[in-house]
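Student: Let me give you the structure first, and then I'll get to my questions.
The values are calculated or read from the model by the stated rules, or taken from the named source; none is laboratory data. Every value quoted in this text rests on a predicted model; they were computed, and no experiment measured them. Ideal geometry is used to build each Cβ from the backbone, glycine not excepted, and the neighbour counts take in all protein chains shown. To get the accessible areas, we keep the full protein, side chains included, count just its heavy atoms, and leave off ligands, DNA and RNA. Shrake-Rupley method; radii C 1.70, N 1.55, O 1.52, S 1.80 Å.
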Amino acid sequence: MRSLGSVQHKIPCVFLTEVKEEPSRKRDCQQFQVVATETLNPVALEADIHGAVATEKIDGTCCYVTLYNGRPHLWARLDRKPNKQAEKRFKKHQHQHCSCKGFSWDVEEDFKIVPEAWIPAHRVQHLNGHPVPDEHGHIPGWVPVQKDNKQYCWHGSVLDPEGGAVLVLRPGGDEDEEELEVSAVPLADLMERTLELIGTNVNGNPYGLGSKKQPLHCLVSHGSFGVRNPPPVDFHQISSWLREGPGGRVEGLVWHCSDGTLIKVHRHHLGLRWPDGGASLGERPVVVRVVGGENTDRKGPVLIVLQTQRAALQPTAGRPL
(Lines give C-alpha, C1' and ligand atoms only; values in the text may rest on other atoms or scores of the structure.)
Protein backbone atom coordinates (compact mmCIF):
# COMPACT_ATOMS: atom_id res chain seq x y z
CA MET A 1 0.00 0.00 0.00
CA ARG A 2 1.28 3.43 -0.88
CA SER A 3 2.41 5.44 2.14
CA LEU A 4 3.17 9.14 2.23
CA GLY A 5 3.19 11.59 5.12
CA SER A 6 1.74 10.80 8.54
CA VAL A 7 -0.73 13.28 10.06
CA GLN A 8 0.36 13.91 13.64
CA HIS A 9 -0.39 17.62 13.99
CA LYS A 10 -2.33 20.50 12.47
CA ILE A 11 -1.39 20.87 8.80
CA PRO A 12 -0.69 24.44 7.62
CA CYS A 13 -2.64 25.97 4.76
CA VAL A 14 -0.80 26.44 1.46
CA PHE A 15 -1.77 30.12 1.60
CA LEU A 16 -1.41 32.61 4.40
CA THR A 17 -4.75 32.96 6.19
CA GLU A 18 -6.69 35.70 7.91
CA VAL A 19 -9.66 35.76 10.27
CA LYS A 20 -12.95 37.32 9.15
CA GLU A 21 -15.61 38.32 11.67
CA GLU A 22 -18.49 36.46 10.03
CA PRO A 23 -20.19 33.10 10.76
CA SER A 24 -18.11 30.07 9.83
CA ARG A 25 -19.18 27.92 6.88
CA LYS A 26 -17.44 24.96 8.48
CA ARG A 27 -18.42 24.99 12.16
CA ASP A 28 -21.85 25.80 13.58
CA CYS A 29 -21.93 28.48 16.30
CA GLN A 30 -18.48 29.77 15.33
CA GLN A 31 -18.81 33.48 14.66
CA PHE A 32 -15.61 33.86 12.67
CA GLN A 33 -13.97 32.03 9.81
CA VAL A 34 -10.41 31.48 8.67
CA VAL A 35 -9.95 32.28 4.99
CA ALA A 36 -7.00 32.07 2.64
CA THR A 37 -5.29 35.07 1.12
CA GLU A 38 -3.67 34.88 -2.30
CA THR A 39 -0.18 34.83 -0.77
CA LEU A 40 1.65 31.49 -0.67
CA ASN A 41 2.67 30.37 2.80
CA PRO A 42 6.47 30.64 3.27
CA VAL A 43 6.34 27.21 4.96
CA ALA A 44 5.02 25.75 1.70
CA LEU A 45 7.69 27.45 -0.38
CA GLU A 46 10.46 26.30 1.95
CA ALA A 47 9.20 22.70 1.65
CA ASP A 48 9.20 22.94 -2.19
CA ILE A 49 5.44 22.75 -2.62
CA HIS A 50 5.82 22.93 -6.41
CA GLY A 51 7.60 19.55 -6.40
CA ALA A 52 5.20 17.90 -3.94
CA VAL A 53 2.73 15.06 -4.53
CA ALA A 54 -0.89 16.28 -4.51
CA THR A 55 -3.47 13.99 -2.89
CA GLU A 56 -7.17 14.19 -2.08
CA LYS A 57 -8.03 15.48 1.39
CA ILE A 58 -10.39 12.94 2.96
CA ASP A 59 -13.24 14.12 5.20
CA GLY A 60 -13.22 11.87 8.26
CA THR A 61 -11.71 11.52 11.69
CA CYS A 62 -8.03 10.77 12.12
CA CYS A 63 -6.71 7.41 13.38
CA TYR A 64 -3.26 5.99 14.04
CA VAL A 65 -1.75 2.50 14.11
CA THR A 66 0.97 1.81 16.65
CA LEU A 67 1.73 -0.66 19.44
CA TYR A 68 -0.54 -1.14 22.45
CA ASN A 69 0.32 -3.81 25.00
CA GLY A 70 3.00 -5.03 22.63
CA ARG A 71 0.72 -5.56 19.60
CA PRO A 72 -0.26 -3.39 16.61
CA HIS A 73 -3.43 -1.53 17.54
CA LEU A 74 -5.84 1.10 16.17
CA TRP A 75 -5.82 4.43 18.03
CA ALA A 76 -8.40 7.24 17.81
CA ARG A 77 -7.56 10.95 17.76
CA LEU A 78 -8.13 12.63 21.11
CA ASP A 79 -6.78 16.13 21.62
CA ARG A 80 -6.27 17.13 25.24
CA LYS A 81 -8.16 20.40 25.66
CA PRO A 82 -8.16 23.08 28.38
CA ASN A 83 -10.81 23.17 31.07
CA LYS A 84 -13.43 25.93 31.12
CA GLN A 85 -11.46 28.30 33.33
CA ALA A 86 -8.26 27.98 31.30
CA GLU A 87 -10.18 28.25 28.01
CA LYS A 88 -11.76 31.50 29.22
CA ARG A 89 -8.33 32.97 30.11
CA PHE A 90 -6.91 31.83 26.76
CA LYS A 91 -9.71 33.42 24.72
CA LYS A 92 -9.43 36.65 26.72
CA HIS A 93 -5.70 36.78 25.94
CA GLN A 94 -6.35 36.11 22.24
CA HIS A 95 -8.94 38.90 22.10
CA GLN A 96 -6.71 41.43 23.86
CA HIS A 97 -3.52 40.64 21.95
CA CYS A 98 -4.99 39.31 18.67
CA SER A 99 -2.59 36.41 19.12
CA CYS A 100 -1.99 33.38 21.31
CA LYS A 101 1.70 34.26 21.72
CA GLY A 102 2.78 35.08 25.24
CA PHE A 103 0.04 33.04 26.92
CA SER A 104 1.30 30.86 29.77
CA TRP A 105 -0.18 27.39 30.35
CA ASP A 106 -0.02 25.21 33.45
CA VAL A 107 -0.44 21.82 31.79
CA GLU A 108 -1.06 19.98 35.07
CA GLU A 109 -3.83 22.37 36.17
CA ASP A 110 -5.29 23.85 32.98
CA PHE A 111 -6.16 20.74 30.99
CA LYS A 112 -8.89 18.14 31.16
CA ILE A 113 -8.08 14.63 32.31
CA VAL A 114 -7.50 12.09 29.55
CA PRO A 115 -7.52 8.27 29.73
CA GLU A 116 -4.45 6.69 31.29
CA ALA A 117 -3.44 5.09 27.97
CA TRP A 118 -3.49 8.46 26.14
CA ILE A 119 -0.27 9.42 24.35
CA PRO A 120 0.72 12.76 22.76
CA ALA A 121 1.12 12.86 18.99
CA HIS A 122 4.54 12.96 17.37
CA ARG A 123 6.14 16.40 17.04
CA VAL A 124 4.30 17.72 20.09
CA GLN A 125 6.88 19.79 21.93
CA HIS A 126 7.66 19.09 25.58
CA LEU A 127 8.74 21.40 28.40
CA ASN A 128 9.90 20.06 31.78
CA GLY A 129 8.55 16.66 30.82
CA HIS A 130 5.08 17.93 29.89
CA PRO A 131 3.62 18.24 26.36
CA VAL A 132 3.16 21.84 25.23
CA PRO A 133 -0.20 22.99 23.71
CA ASP A 134 -0.26 24.17 20.11
CA GLU A 135 -1.40 27.62 18.96
CA HIS A 136 -5.03 26.53 19.29
CA GLY A 137 -4.58 25.57 22.94
CA HIS A 138 -4.83 21.83 22.24
CA ILE A 139 -2.40 18.98 22.80
CA PRO A 140 -2.90 16.53 19.89
CA GLY A 141 -2.87 12.90 20.94
CA TRP A 142 -4.21 9.37 20.64
CA VAL A 143 -6.19 6.86 22.69
CA PRO A 144 -6.44 3.11 21.94
CA VAL A 145 -9.78 1.93 20.53
CA GLN A 146 -11.44 -0.45 22.99
CA LYS A 147 -14.48 -2.66 22.48
CA ASP A 148 -16.33 -1.36 25.54
CA ASN A 149 -15.90 2.36 24.73
CA LYS A 150 -19.12 3.60 23.10
CA GLN A 151 -17.46 6.88 22.12
CA TYR A 152 -15.38 4.97 19.58
CA CYS A 153 -17.95 2.39 18.50
CA TRP A 154 -17.62 3.36 14.81
CA HIS A 155 -13.86 2.98 15.04
CA GLY A 156 -14.47 -0.46 16.50
CA SER A 157 -16.79 -1.38 13.63
CA VAL A 158 -13.84 -1.47 11.20
CA LEU A 159 -11.64 -3.43 13.58
CA ASP A 160 -11.23 -7.18 13.94
CA PRO A 161 -9.25 -7.35 17.19
CA GLU A 162 -8.95 -11.14 17.17
CA GLY A 163 -7.69 -11.24 13.59
CA GLY A 164 -5.58 -8.10 14.00
CA ALA A 165 -7.00 -6.47 10.85
CA VAL A 166 -9.02 -3.41 9.82
CA LEU A 167 -11.32 -2.63 6.89
CA VAL A 168 -9.53 -0.31 4.45
CA LEU A 169 -10.72 1.54 1.33
CA ARG A 170 -7.93 2.10 -1.21
CA PRO A 171 -7.29 2.39 -4.96
CA GLY A 172 -8.08 -0.80 -6.85
CA GLY A 173 -6.30 -2.53 -9.71
CA ASP A 174 -4.28 -0.79 -12.43
CA GLU A 175 -6.68 -1.78 -15.21
CA ASP A 176 -9.39 0.60 -14.03
CA GLU A 177 -8.02 3.75 -12.40
CA GLU A 178 -11.51 4.69 -11.15
CA GLU A 179 -12.05 1.42 -9.30
CA LEU A 180 -11.69 1.28 -5.52
CA GLU A 181 -11.10 -1.71 -3.28
CA VAL A 182 -12.35 -2.54 0.20
CA SER A 183 -10.36 -5.25 1.96
CA ALA A 184 -9.13 -6.42 5.34
CA VAL A 185 -5.57 -5.23 5.96
CA PRO A 186 -3.42 -6.55 8.86
CA LEU A 187 -2.67 -3.84 11.40
CA ALA A 188 0.96 -4.97 11.25
CA ASP A 189 1.06 -3.71 7.63
CA LEU A 190 -0.11 -0.25 8.74
CA MET A 191 2.31 0.36 11.60
CA GLU A 192 3.05 4.04 12.28
CA ARG A 193 0.61 5.21 9.62
CA THR A 194 -2.32 7.56 10.05
CA LEU A 195 -5.69 7.03 8.38
CA GLU A 196 -9.12 8.66 8.13
CA LEU A 197 -12.22 6.89 9.41
CA ILE A 198 -15.10 7.65 7.03
CA GLY A 199 -18.65 6.36 6.81
CA THR A 200 -22.30 6.64 7.72
CA ASN A 201 -21.85 8.26 11.14
CA VAL A 202 -18.76 10.39 10.54
CA ASN A 203 -18.91 14.12 9.64
CA GLY A 204 -22.32 13.93 8.04
CA ASN A 205 -21.25 11.15 5.65
CA PRO A 206 -20.30 13.27 2.60
CA TYR A 207 -19.41 10.14 0.62
CA GLY A 208 -22.84 8.51 0.95
CA LEU A 209 -21.60 5.29 2.55
CA GLY A 210 -24.14 2.89 4.03
CA SER A 211 -27.42 3.88 5.67
CA LYS A 212 -28.95 4.18 9.13
CA LYS A 213 -30.17 0.59 8.96
CA GLN A 214 -26.93 -0.67 7.45
CA PRO A 215 -24.13 1.66 8.58
CA LEU A 216 -20.78 1.26 6.88
CA HIS A 217 -17.39 2.58 7.97
CA CYS A 218 -13.87 2.04 6.70
CA LEU A 219 -10.39 3.53 6.91
CA VAL A 220 -8.48 5.43 4.24
CA SER A 221 -4.70 5.69 4.55
CA HIS A 222 -3.46 9.28 4.24
CA GLY A 223 -1.97 9.99 0.85
CA SER A 224 -3.51 6.92 -0.79
CA PHE A 225 -5.63 8.86 -3.31
CA GLY A 226 -3.39 10.83 -5.61
CA VAL A 227 -4.77 13.62 -7.78
CA ARG A 228 -4.29 13.24 -11.53
CA ASN A 229 -3.42 16.51 -13.27
CA PRO A 230 -3.62 18.65 -10.13
CA PRO A 231 -3.93 22.42 -10.54
CA PRO A 232 -0.84 24.63 -10.23
CA VAL A 233 -0.24 25.99 -6.75
CA ASP A 234 -2.02 29.27 -7.39
CA PHE A 235 -5.02 30.70 -5.54
CA HIS A 236 -7.21 31.33 -8.59
CA GLN A 237 -6.33 28.11 -10.41
CA ILE A 238 -6.93 25.94 -7.33
CA SER A 239 -10.22 27.71 -6.67
CA SER A 240 -11.33 27.22 -10.28
CA TRP A 241 -10.31 23.53 -10.22
CA LEU A 242 -12.30 22.88 -7.04
CA ARG A 243 -15.36 24.59 -8.53
CA GLU A 244 -15.28 23.21 -12.06
CA GLY A 245 -12.35 20.88 -12.66
CA PRO A 246 -12.60 17.13 -13.31
CA GLY A 247 -12.10 15.44 -9.96
CA GLY A 248 -12.58 18.74 -8.14
CA ARG A 249 -15.49 17.50 -6.02
CA VAL A 250 -13.22 16.84 -3.05
CA GLU A 251 -12.94 18.33 0.44
CA GLY A 252 -9.56 19.78 -0.45
CA LEU A 253 -5.97 18.95 -1.34
CA VAL A 254 -3.00 17.79 0.71
CA TRP A 255 0.51 18.13 -0.70
CA HIS A 256 3.16 15.66 0.50
CA CYS A 257 6.54 17.36 0.23
CA SER A 258 9.83 15.52 -0.20
CA ASP A 259 11.06 16.57 3.27
CA GLY A 260 7.97 15.07 4.93
CA THR A 261 6.11 18.37 5.32
CA LEU A 262 2.36 18.26 4.70
CA ILE A 263 0.52 21.29 3.29
CA LYS A 264 -3.23 21.55 2.73
CA VAL A 265 -6.05 23.64 1.41
CA HIS A 266 -9.71 23.15 2.33
CA ARG A 267 -12.65 24.32 0.27
CA HIS A 268 -13.70 26.52 3.20
CA HIS A 269 -10.37 28.34 2.99
CA LEU A 270 -11.46 29.52 -0.47
CA GLY A 271 -15.05 30.34 0.44
CA LEU A 272 -16.41 27.19 -1.23
CA ARG A 273 -19.07 24.89 0.24
CA TRP A 274 -18.46 21.31 1.32
CA PRO A 275 -20.04 19.04 0.48
CA ASP A 276 -21.29 20.69 -2.68
CA GLY A 277 -23.28 18.03 -4.51
CA GLY A 278 -21.97 14.49 -4.62
CA ALA A 279 -18.37 13.81 -3.63
CA SER A 280 -16.45 12.12 -6.44
CA LEU A 281 -15.09 9.42 -4.14
CA GLY A 282 -18.59 8.22 -3.26
CA GLU A 283 -19.49 7.64 -6.91
CA ARG A 284 -16.62 5.36 -7.92
CA PRO A 285 -17.11 1.60 -8.38
CA VAL A 286 -15.85 -0.62 -5.57
CA VAL A 287 -14.50 -4.15 -5.39
CA VAL A 288 -14.90 -5.83 -2.00
CA ARG A 289 -12.33 -8.49 -1.23
CA VAL A 290 -13.72 -10.99 1.27
CA VAL A 291 -11.84 -14.05 2.46
CA GLY A 292 -13.71 -17.25 1.65
CA GLY A 293 -15.70 -18.90 4.44
CA GLU A 294 -14.66 -22.03 6.30
CA ASN A 295 -16.93 -24.21 4.18
CA THR A 296 -15.78 -23.03 0.78
CA ASP A 297 -13.18 -24.40 -1.59
CA ARG A 298 -12.13 -20.94 -2.77
CA LYS A 299 -8.45 -20.32 -2.22
CA GLY A 300 -8.43 -16.69 -3.27
CA PRO A 301 -10.54 -13.70 -2.27
CA VAL A 302 -14.14 -13.41 -3.33
CA LEU A 303 -14.63 -10.39 -5.62
CA ILE A 304 -17.91 -8.53 -5.65
CA VAL A 305 -18.34 -5.32 -7.64
CA LEU A 306 -20.69 -2.87 -5.96
CA GLN A 307 -21.52 0.83 -5.92
CA THR A 308 -20.98 2.71 -2.67
CA GLN A 309 -23.58 5.40 -3.21
CA ARG A 310 -26.91 5.07 -1.33
CA ALA A 311 -26.25 1.49 -0.24
CA ALA A 312 -24.18 -0.34 2.30
CA LEU A 313 -21.43 -2.56 0.95
CA GLN A 314 -22.65 -6.03 1.83
CA PRO A 315 -20.79 -9.09 0.51
CA THR A 316 -23.13 -11.71 -0.92
CA ALA A 317 -20.61 -14.53 -0.81
CA GLY A 318 -17.90 -15.65 1.52
CA ARG A 319 -17.65 -14.61 5.15
CA PRO A 320 -18.23 -10.95 6.07
CA LEU A 321 -15.18 -9.23 7.52
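Student: Hey, could you check segment 257-273 for residues that are touching a Leu at 6+ places or on another chain (Cβ under 7 Å) and either among the hydroxyl-bearing types (Ser, Thr, Tyr) or surrounded by 20 or more Cβ atoms within 10 Å (Cβ to Cβ) (or both) and say which is nearest to Asp48 (Cα to Cα)? Talk me through it step by step, then tell me what you get.
Tutor: First, the residues of segment 257-273 that are touching a Leu at 6+ places or on another chain (Cβ under 7 Å): 264-265, 267, 270, 272.
Checking the rest, the ones that are also either among the hydroxyl-bearing types (Ser, Thr, Tyr) or surrounded by 20 or more Cβ atoms within 10 Å (Cβ to Cβ) (or both) come to 265, 267.
On the way: Val265: 16, Arg267: 22 Å.
Looking at the filtered set, the residue picked out is Val265.
Student: Here is a follow-up. Only one residue in Leu253, Leu242 is touching a helix residue (DSSP H, G or I) at 6+ places or on another chain (Cβ under 8 Å) and part of a helix (DSSP H, G or I). Which one?
Tutor: After applying the criteria, what remains is Leu242.
Student: As an exercise: evaluate Val65 against (1) within 21 Å of Gln8 (Cα to Cα); (2) of a type in the set (A, V, I, L, M, F, W, C); (3) out of contact with any Leu (no Cβ under 6 Å at 6 or more places or on another chain) and give the number of the one condition it does not meet.
Tutor: All conditions pass for Val65, except number (3).
Student: Further question on the same structure: Restricting to segment 131-184, and then to whatever is farther than 30 Å from Gln94 by Cβ and among the polar types (S, T, N, Q), can you tell me which residue is least open to solvent (accessible area, probe 1.4 Å)?
Tutor: Ser183
Student: Quick check on segment 174-186. Is at least one of its residues outside any strand (DSSP E or B), more than 22 Å from Ile11 (Cβ to Cβ) and small (Gly, Ala, Ser)?
Tutor: no
Student: I want to confirm something. Restricting to segment 203-238 and keeping residues that are surrounded by 14 or more Cβ atoms within 10 Å (Cβ to Cβ), among the small types (Gly, Ala, Ser) and touching a Pro at 6+ places or on another chain (Cβ under 9 Å), which single residue is nearest to Ser6 (Cα to Cα)?
Tutor: It comes out as Ser224.
Student: Does His93 meet the test of being assigned to a helix (DSSP H, G or I) and open to solvent by less than 50 Å² (accessible area, probe 1.4 Å)? Break it down into steps so the answer makes sense when it comes.
Tutor: Values: assigned to a helix (DSSP H, G or I): yes; open to solvent by less than 50 Å² (accessible area, probe 1.4 Å): yes.
Yes; evaluated as a whole, the condition is true for this residue.
Student: Let me ask something additional. Looking at segment 277-298, I want the residues that are under 30 Å from Pro246 (Cα atoms) and have a partner that is part of a loop (DSSP other than H, G, I, E, B) and modelled with pLDDT under 80 with Cβ atoms under 7 Å, at least 6 apart or on another chain. Which pairs are those?
Tutor: Going by the 7 Å Cβ cut-off, the qualifying pairs are Gly282/Thr308; Val286/Thr308; Val286/Leu313; Val288/Leu313; Val288/Pro315; Arg289/Pro301.
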